[in-house]
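The values are calculated or read from the model by the stated rules, or taken from the named source; none is laboratory data. All values reported here derive from a predicted model rather than from experimental measurement. Glycine gets a Cβ as well: all are built from the backbone with ideal geometry, and neighbour counts include every protein chain shown.
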Amino acid sequence: MQNLHKLKQDICDIGRRIYNRQFAAANDGNITVRVSDNEVLCTPTLQCKGFLKPDDIALIDMTGKQLAGRKKRSSEALLHLEIYRQREDIRSVVHCHPPHATAFAIAREPIPQCILPEVEVFLGDVPITKYETPGGQQFADTILPFVHKTNVMILANHGTVSYGETVEQAYW
């Protein structure tokens, strides 16, 4: 079994970085780490990610049911769970609202690779999902056309979601 306390601390660290970089205002954003085939650590809803403590992190199953934790799980957990269902190699998902990427999300314009070489070198094409109201399965399903082709997406009119083998990788 993985060290859950260490993983919760890692989630809190990434939450602080997201907040300090102004990638999430107020209680925006959410972070998850898959700890087993059926269990995922999940940040709470309605809480600033810059001030998370390990005890704030919930444990949920792959249906979204909360198994443990004193605070309610993120309202956007279904998005994360859909990524885990589609990609067995993924162990962490980060959703936030970086201002520049969110501007592209609102404009529904792709990030031009020719302007930022880092996009071309490290990310490749960054697709934009169709718009759905956040929180439900229809919102989660917007990632389906792209989830196997990339590890980062722009969520139309919303923000970004990125994922990787670790929470650090998902953040970057």
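Of all residues in segment 39-59, none are exposed (fewer than 15 other Cβ atoms within 10 Å of the Cβ) and within 29 Å of P145 (Cβ to Cβ). Counting the residues of segment 10-45 that are under 11 Å from the mean Cα position of the chain (by Cα) and part of a strand (DSSP E or B) gives 5. Within segment 137-171, being loosely packed, with under 14 Cβ neighbours inside 10 Å and either at pLDDT below 95 or within 17 Å of H97 (Cα to Cα) (or both) holds for one residue alone: K149. Number of residues in segment 63-102 that are assigned to a helix (DSSP H, G or I), of a type outside the set (F, W, Y) and modelled with pLDDT of 95 or more equals 9.
Out of the residues in segment 10-69 that are among the charged types (D, E, K, R) and in contact with a Cys (Cβ under 7 Å, 6 or more places away or on another chain), state the one that is nearest to T160 (Cα to Cα). Can you show your working first?
We begin by selecting, within segment 10-69, every residue among the charged types (D, E, K, R); these are 10, 13, 16-17, 21, 28, 34, 37, 39, 49, 53, 55-56, 61, 65.
With the extra rule that they be in contact with a Cys (Cβ under 7 Å, 6 or more places away or on another chain), the set shrinks to 28, 53.
Details: D28: 11, K53: 23 Å.
The residue in question is D28.
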